[in-house]
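The values are calculated or read from the model by the stated rules, or taken from the named source; none is laboratory data. Nothing here was measured: the structure is a model prediction, and the numbers come from that model. Note that each Cβ is placed from the backbone with ideal geometry, even for glycine, and that neighbours are counted across all protein chains shown. Accessible surface is based on the protein model in full, side chains and every heavy atom, while ligands, DNA and RNA are left aside. Shrake-Rupley method; radii C 1.70, N 1.55, O 1.52, S 1.80 Å.
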Amino acid sequence: MLFVRKKVGGRIMLRIAVILVLLPTTWAAAIHLYVSPQGSDTNTGLDPSTPLKTLQRARDRIDEPGILGNEIYVELMSGYHDLLIPLNLTHGYTALVTFRSYQHEEVHVTGGKRITPSLFKPVTDPVILERIPEEAHEKVRQIHLPDAGITDYGTMSVYGFYRERIAPLELFINGNPLRLARWPNDFFINIVSVPDGRRGVRFGYNNSRDARWVGEKEPWAYGYWFFSWADQSAEIASVNTSSHEITLTAPTKYGLKTGHLQKKDNIKVGDAQQGGYFRVINMLSELDQPGEYYIDRSTGILYMWPNTPTGYLNDSDIIYASILDDCISIAKGANNITFQDFTIQACRRFGIDGTDLESVSFLNLEAKNLGSYGIRSAGDSRNITVSGCEIHDTDGGINVSGGDRIDLIPSGNVIEDNHIYKVGRETSVGADGISHSGVNNIIRNNYLHHGTYSCIMWSGNDHIMEYNHFEDCCQNATDGGAVHCGRDWTMRGNHIRYNYFQNTLRTWPGGQIRGIMLDDEFSSVTIEHNVFFTNEVHANIGGGRDTIIRYNVFYNATEISVDVDGRGLNGSDLPELEAALKAVPYTDALWSSRYPKLAAMAYDKVPGAPRGNQIYKNIYYMVKGSKLISYHGAYLANSTYFNLTDNFQVQSSDFVDPEKYNFQLQGKAKAWAAQNGFDEPIPFNQVGPRFAPGPTYLNKVPRKLSGNWNSRRTVH
């Protein structure tokens, strides 16, 4: 520095001064704030030996002078971090702030209240014993919730059919959820009459069990009241045990009808036979099996039958009641935040929620025992990463949206390497494994299974869904798809490729279940290089245009490989579709260059015609029948609508070992593929997560997960 000063004088000296000012900020060491359930908020939190106690205090420390503006790690030390109020992150940060487990210890962030097992007592009140079933008398336990410091019991509310659920107080024992007492426990009751018509609130049923429902304080019902793709909870106003009729407090969304549900293997009846069945819930008189509970809000007493192996409680059991609506809430527009390597649980709605976020990452989290989605980043969120998370026992997995559809600006959002399952604990339709929308979301290498309805529900443009494994989706509803979208001509440029679709089958009366469902004229999707096996329908085109289906393996559909229709020819949903078309600049330079066939619709006199669909160079095997495609009307079998060329039917023996997910080609299939530019099907070990998802503590010893995970790779 002295040499430079002598050489050139003040000008260079000024530059050196600027560099010296910048160095402390640019090269500052990261700051670590330690938080422990055994800590104290009077500590500094700057050393593991003097940790803070609460996440709220850590959040406040982040904003203090000398800390704010640095890269910050909030180190969560081992144990249960019970939030007394939601952790609200009120703004973004100029440098990255990370909330993570300290040294990969087992960390739980909860929105619940822990209850000491000894507070639960046997039921001795003869009035209560008279009401609950006799088989439950010995096992049911009760607690006066105020004795545990709990006075907020939540409220029952309407949920189902895309209405996000805010749960009432729920109970969890050793990480396993209990459910409101109900009947039937795992089935439904048919509606046999609707005396006041479809839009009435009264319906009849054939069952004398209703005598025990008299005197219930807060009875509700849940059902598929009209369609088997629309579920809803409903409050009961009265029960008439003489006529065996229930009256609801308000009409259901689509009305009421009689049901045809049967306990038989062959229930695959058509649309006319769907819906019209229900169950009663939140009834003390139906507390008849392990894992059920009921809250009497007038007395503050909770009754439950423990879902433990013995059916009893012991002092080591970990019992939580959900208290907060959302565990972590991120302010609109916040940025530069990462959550990593811990479990979040026991909130009544979302695990983590935010809107219009920027550069926020969710890494190796477990989200469970929540009333709605585990992770939600709504609005126009950009550069969101959800990676390596394990999400289960919620009512929805991941909900992310972002990007600018008018200017087709990509969101930069990536959802990858996640394990998502059992995400419809109470709700079915709308409790999706992944719900995403906007522009250019990347959804890859996820394993989604045992979903009550769609494993992925999506909308928007230029998305890529690849290297995912879908298994046992749409288990509780009909007329759906493992991957499902609908009712738009303009949402183009989407690719579904290199995925496995498995066991998407109909188990309730109603419409077909598909691996991929392009509903209500959704258009211009490229479906290629996928393996479909043992689905009812592998894929459908529901009246849409310009979709390409090529280079796929369609193996053993139980009904048909590809199902197509021309519903738009009769003007189906035309006003809504035209409104969506007018809402985007589809004829301007950007849109018309990106989607030229969409721009041409400005001159189409029959916009609902299913023009331009291409189905070619697919390999298919079917146990029954020989047709690749099913047309809903012979008039659709023309190349203007559905151009069907160069598809090849094979035998099961033309694959190496389908029963073990080996769809490598052999025999005549291999020869045909070589002549037609058909690549070898994607190997099974290349789909699904590329590493063990969830927090590190879950994977310190080998573990078995649901589905075919272990046939894909060993989890450590």
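Would it be correct to say that Gly149 is at pLDDT 95 or above, farther than 21 Å from Asp288 by Cα and under 24 Å from the mean Cα position of the chain (by Cα)? Quick ask: steps written out before the conclusion?
Working: at pLDDT 95 or above: yes; farther than 21 Å from Asp288 by Cα: yes; under 24 Å from the mean Cα position of the chain (by Cα): no.
The answer is no for Gly149.
Which residues, counting only those in segment 221-236, are hydrophobic (A, V, I, L, M, F, W, C) and over 25 Å from the mean Cα position of the chain (by Cα)?
Taking segment 221-236 first, the residues hydrophobic (A, V, I, L, M, F, W, C) are 221, 225-227, 229-230, 234, 236.
Once the filter is applied, which keeps residues that are hydrophobic (A, V, I, L, M, F, W, C) and over 25 Å from the mean Cα position of the chain (by Cα), segment 221-236 yields only Ile236.
Would you confirm whether or not segment 607-623 contains a residue that is without any contact (Cβ under 8 Å) to a residue 24 or more places away in the chain and out of contact with any Gly (no Cβ under 9 Å at 6 or more places or on another chain)?
no
Go through the residues of segment 120-140 one by one and say whether even a single one is modelled with pLDDT of 95 or more, under 30 Å from Val107 (Cβ atoms) and surrounded by fewer than 20 Cβ atoms within 10 Å (Cβ to Cβ).
Checking segment 120-140: not a single residue is modelled with pLDDT of 95 or more, under 30 Å from Val107 (Cβ atoms) and surrounded by fewer than 20 Cβ atoms within 10 Å (Cβ to Cβ).
Only one of these is within 22 Å of the chain's Cα centre (by Cα) and either closer than 19 Å to Gly388 by Cβ or modelled with pLDDT of 95 or more (or both): Pro702, Pro695, Pro683. Name it. Step through it out loud before you land on a result.
Values: Pro702 fails: within 22 Å of the chain's Cα centre (by Cα); Pro683 fails: within 22 Å of the chain's Cα centre (by Cα).
After applying the criteria, what remains is Pro695.
If I filter segment 384-402 down to residues being of a type in the set (Asp, Glu) and part of a strand (DSSP E or B), which single residue comes out as surrounded by the fewest Cβ atoms within 10 Å (Cβ to Cβ)? Don't jump to the end; show me each part of the working.
To start, the set of residues in segment 384-402 that are of a type in the set (Asp, Glu) comprises 390, 393, 395.
Filter again for part of a strand (DSSP E or B), leaving 390, 395.
Details: Glu390: 24, Asp395: 26.
Step by step, filter segment 384-402, then rank; the result is Glu390.
State all residues of segment 147-163 that are closer than 23 Å to Ser228 by Cα, open to solvent by less than 80 Å² (accessible area, probe 1.4 Å) and either without any contact (Cβ under 8 Å) to a residue 40 or more places away in the chain or touching a Gly at 6+ places or on another chain (Cβ under 8 Å) (or both); if no residue qualifies, say none.
Passing the criteria: Gly160, Phe161.
Can you tell me which residues in segment 584-630 are closer than 15 Å to Gln649 by Cα and in contact with a Pro (Cβ under 9 Å, 6 or more places away or on another chain)?
Passing the criteria: Ile619, Tyr621.
Please work out which residue is nearest to Val606 (Cα to Cα), limiting yourself to segment 511-520 and to residues that are in a strand (DSSP E or B) and open to solvent by 10 Å² or more (accessible area, probe 1.4 Å).
Taking segment 511-520 and keeping what is in a strand (DSSP E or B), we get 513-519.
Within this subset, residues satisfying the condition of being open to solvent by 10 Å² or more (accessible area, probe 1.4 Å) are 514, 519.
Values: Arg514: 27, Asp519: 19 Å.
The selected residue is Asp519.
Before we move on, is Val439 in contact with a His (Cβ under 7 Å, 6 or more places away or on another chain), more than 24 Å from Phe227 (Cβ to Cβ) and open to solvent by less than 10 Å² (accessible area, probe 1.4 Å)?
Values: in contact with a His (Cβ under 7 Å, 6 or more places away or on another chain): no; more than 24 Å from Phe227 (Cβ to Cβ): yes; open to solvent by less than 10 Å² (accessible area, probe 1.4 Å): yes.
Criteria not met by Val439.
Which residues, counting only those in segment 198-221, are open to solvent by 10 Å² or more (accessible area, probe 1.4 Å), in contact with a strand residue (DSSP E or B) (Cβ under 8 Å, 6 or more places away or on another chain) and not in a loop (DSSP other than H, G, I, E, B)?
Matches in segment 198-221: Arg202, Arg209, Trp220.
What about Thr504, is it among the hydroxyl-bearing types (Ser, Thr, Tyr), closer than 18 Å to Gly688 by Cα and over 14 Å from the mean Cα position of the chain (by Cα)?
Values: among the hydroxyl-bearing types (Ser, Thr, Tyr): yes; closer than 18 Å to Gly688 by Cα: yes; over 14 Å from the mean Cα position of the chain (by Cα): yes.
The answer is yes for Thr504.
Of the numbered conditions (1) farther than 20 Å from Leu357 by Cβ; (2) surrounded by fewer than 23 Cβ atoms within 10 Å (Cβ to Cβ); (3) not small (Gly, Ala, Ser), Val414 satisfies every one except a single condition; which is it?
Only one criterion is unmet by Val414, namely (1).
Let's see how each residue does on (1) in a loop (DSSP other than H, G, I, E, B); (2) on the phi > 0 side of the Ramachandran plot:
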position	(1), (2)
Ser593	no, no
Ala599	no, no
Ala602	no, no
Ala609	yes, no
Gly625	yes, yes
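Tell me, which residue of segment 156-177 that is closer than 14 Å to Cys347 by Cα and part of a loop (DSSP other than H, G, I, E, B) is modelled with the lowest pLDDT?
Ranking the candidates gives Glu164 first.
Could you list all residues from segment 334-356 that are touching a residue at least 40 places away in the same chain (Cβ under 8 Å) and in a loop (DSSP other than H, G, I, E, B)?
Ala334, Asp341, Phe342, Arg348, Arg349, Gly351
So, restricting to strands (runs of 3 or more DSSP E) that lie completely within segment 229-314, which ones have at least 2 residues that are more than 22 Å from Asp152 (Cα to Cα)?
Here the list reads 232-240, 245-248, 277-281.
Could you please tell me which pairs satisfy a Cβ distance under 6 Å, a separation of 6+ or placement on different chains, a first residue in segment 404-422 that is on the phi > 0 side of the Ramachandran plot, and a second residue that is part of a loop (DSSP other than H, G, I, E, B) and surrounded by fewer than 20 Cβ atoms within 10 Å (Cβ to Cβ)?
Gly412/Asn383; Asp417/Arg690; Lys422/Asp393; Lys422/His450
Open to solvent by less than 70 Å² (accessible area, probe 1.4 Å), over 14 Å from Val553 (Cβ atoms), at pLDDT below 95 and touching a helix residue (DSSP H, G or I) at 6+ places or on another chain (Cβ under 8 Å): does that describe Arg712? Full working, then the answer.
On the way: open to solvent by less than 70 Å² (accessible area, probe 1.4 Å): yes; over 14 Å from Val553 (Cβ atoms): yes; at pLDDT below 95: yes; touching a helix residue (DSSP H, G or I) at 6+ places or on another chain (Cβ under 8 Å): yes.
Yes; evaluated as a whole, the condition is true for this residue.
From the list Ala674, Ala637, Ala669, which residue is surrounded by fewer than 13 Cβ atoms within 10 Å (Cβ to Cβ), closer than 23 Å to Arg497 by Cβ and among the aliphatic types (A, V, I, L, M)?
On the way: Ala637 fails: closer than 23 Å to Arg497 by Cβ; Ala669 fails: surrounded by fewer than 13 Cβ atoms within 10 Å (Cβ to Cβ).
Unique residue meeting the criteria: Ala674.
Test Ser359 against the stated conditions and say whether it is open to solvent by 20 Å² or more (accessible area, probe 1.4 Å), in a strand (DSSP E or B) and hydroxyl-bearing (Ser, Thr, Tyr).
Details: open to solvent by 20 Å² or more (accessible area, probe 1.4 Å): yes; in a strand (DSSP E or B): yes; hydroxyl-bearing (Ser, Thr, Tyr): yes.
Yes; evaluated as a whole, the condition is true for this residue.
Check off (1) over 11 Å from Val553 (Cα atoms); (2) assigned to a loop (DSSP other than H, G, I, E, B); (3) open to solvent by less than 70 Å² (accessible area, probe 1.4 Å); (4) not aromatic (Phe, Trp, Tyr) for Pro681 and give me the number that stays unchecked.
Failing condition for Pro681: (1).
Against the definition (outside any loop (DSSP other than H, G, I, E, B) and in contact (Cβ under 8 Å) with a residue 40 or more places away in the chain), how does Ser428 come out, yes or no?
Values: outside any loop (DSSP other than H, G, I, E, B): no; in contact (Cβ under 8 Å) with a residue 40 or more places away in the chain: yes.
When the stated conditions are applied, Ser428 does not pass them.
Got a number for residues in segment 559-584 being open to solvent by 40 Å² or more (accessible area, probe 1.4 Å) and either of a type in the set (Lys, Arg) or assigned to a loop (DSSP other than H, G, I, E, B) (or both)? Lay out the reasoning, then the answer.
Keep residues of segment 559-584 that are open to solvent by 40 Å² or more (accessible area, probe 1.4 Å), which gives 559, 567, 569-570, 573-576, 578-579, 582-583.
Now restrict to residues that are either of a type in the set (Lys, Arg) or assigned to a loop (DSSP other than H, G, I, E, B) (or both): 559, 567, 573, 582-583.
Total satisfying the criteria: 5.
So, of the residues in segment 178-197 that are within 23 Å of the chain's Cα centre (by Cα) and outside any loop (DSSP other than H, G, I, E, B), which turns out to be nearest to Asp296 (Cα to Cα)? So that I can check it myself, show each step before the final result.
We begin by selecting, within segment 178-197, every residue within 23 Å of the chain's Cα centre (by Cα); these are 178-180, 186-187.
Those left that are additionally outside any loop (DSSP other than H, G, I, E, B): 179-180.
Numbers: Arg179: 15, Leu180: 12 Å.
Filtering segment 178-197 for residues that are within 23 Å of the chain's Cα centre (by Cα) and outside any loop (DSSP other than H, G, I, E, B), the one nearest to Asp296 (Cα to Cα) comes out as Leu180.
Of the numbered conditions (1) under 30 Å from Gln103 (Cβ atoms); (2) surrounded by 14 or more Cβ atoms within 10 Å (Cβ to Cβ), Phe691 fails exactly one; give the number of that condition.
Single failed check for Phe691: (2).
Being outside any strand (DSSP E or B) and open to solvent by less than 20 Å² (accessible area, probe 1.4 Å) is the filter here; which residues of segment 521-537 pass it? Steps first, please.
Looking only at segment 521-537, we keep the residues that are outside any strand (DSSP E or B), and these are 521-524, 529-530, 534-536.
Answer for segment 521-537, where residues must be outside any strand (DSSP E or B) and open to solvent by less than 20 Å² (accessible area, probe 1.4 Å): Glu521, Phe522, Ser523, Asn530, Asn535, Glu536.
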